[in-house]
Amino acid sequence: MAQASTLWSMAFDLRSCAAYLTTREAAQRKQVNLQKFDPGCASAVKMLDINARVGGDATPFFTDYSDAANQKLLRQNKRLPAWIQDVMAEYPEKHTRCLE
């Protein structure tokens, strides 16, 4: 059961390779079929607005990651100061890499 301060929750079903998530802003439960994603470095990184008004299988709603799309999602979050949004926006490009 979620507490009043819960902004989002996520659970993983390891047997079926699925993730389930809900958010305070979009209470419909989303399911993500993790087997539909190619984990290889040559594949595009995918992203989803977890507050999208999507219920059920959200897998088809993932889009290719872009800096611009990531920054747009971050700017929608009015709880975060601008300087934290800036740090989070640059993090994927500056501090992550794919290893195979």
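Brief remarks on what is shown
- Just so you know, in region 16-71 the residues that are in a strand (DSSP E or B) and among the small types (Gly, Ala, Ser) include one that is nearest to residue 85 (Cα to Cα), and it is 19.
- Cβ pairs under 6 Å, 6+ apart, first in region 35-56 and more than 17 Å from residue 96 (Cβ to Cβ), second part of a loop (DSSP other than H, G, I, E, B) and of a type in the set (A, V, I, L, M): 51/26; 53/26
- Here residue 70 passes the criteria (1) in contact with a Gly (Cβ under 7 Å, 6 or more places away or on another chain); (2) assigned by TED's automatic domain parsing to the domain that holds residue 100 except the one numbered (1).
- Residue list for region 1-15, filter: part of a strand (DSSP E or B), over 13 Å from the mean Cα position of the chain (by Cα) and touching a residue at least 12 places away in the same chain (Cβ under 8 Å): none
Results for (1) surrounded by 14 or more Cβ atoms within 10 Å (Cβ to Cβ); (2) at pLDDT 90 or above; (3) out of contact with any strand residue (DSSP E or B) (no Cβ under 7 Å at 6 or more places or on another chain); (4) among the small types (Gly, Ala, Ser), shown as yes or no for each residue.
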residue: 3; (1), (2), (3), (4): no, no, yes, no
residue: 6; (1), (2), (3), (4): no, no, yes, no
residue: 12; (1), (2), (3), (4): no, yes, no, no
residue: 22; (1), (2), (3), (4): yes, yes, no, no
residue: 54; (1), (2), (3), (4): yes, yes, no, no
residue: 63; (1), (2), (3), (4): no, yes, no, no
residue: 75; (1), (2), (3), (4): no, no, yes, no
residue: 84; (1), (2), (3), (4): no, yes, yes, no
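- Considering 58, 26, 44, 69, the condition of being surrounded by 11 or more Cβ atoms within 10 Å (Cβ to Cβ) and modelled with pLDDT of 95 or more is satisfied by 58 alone.
The values are calculated or read from the model by the stated rules, or taken from the named source; none is laboratory data. All figures in this text were calculated on a predicted structure; none of them were measured in a lab. All Cβ positions, glycine included, derive from the backbone under ideal geometry; neighbour counts span all protein chains shown.
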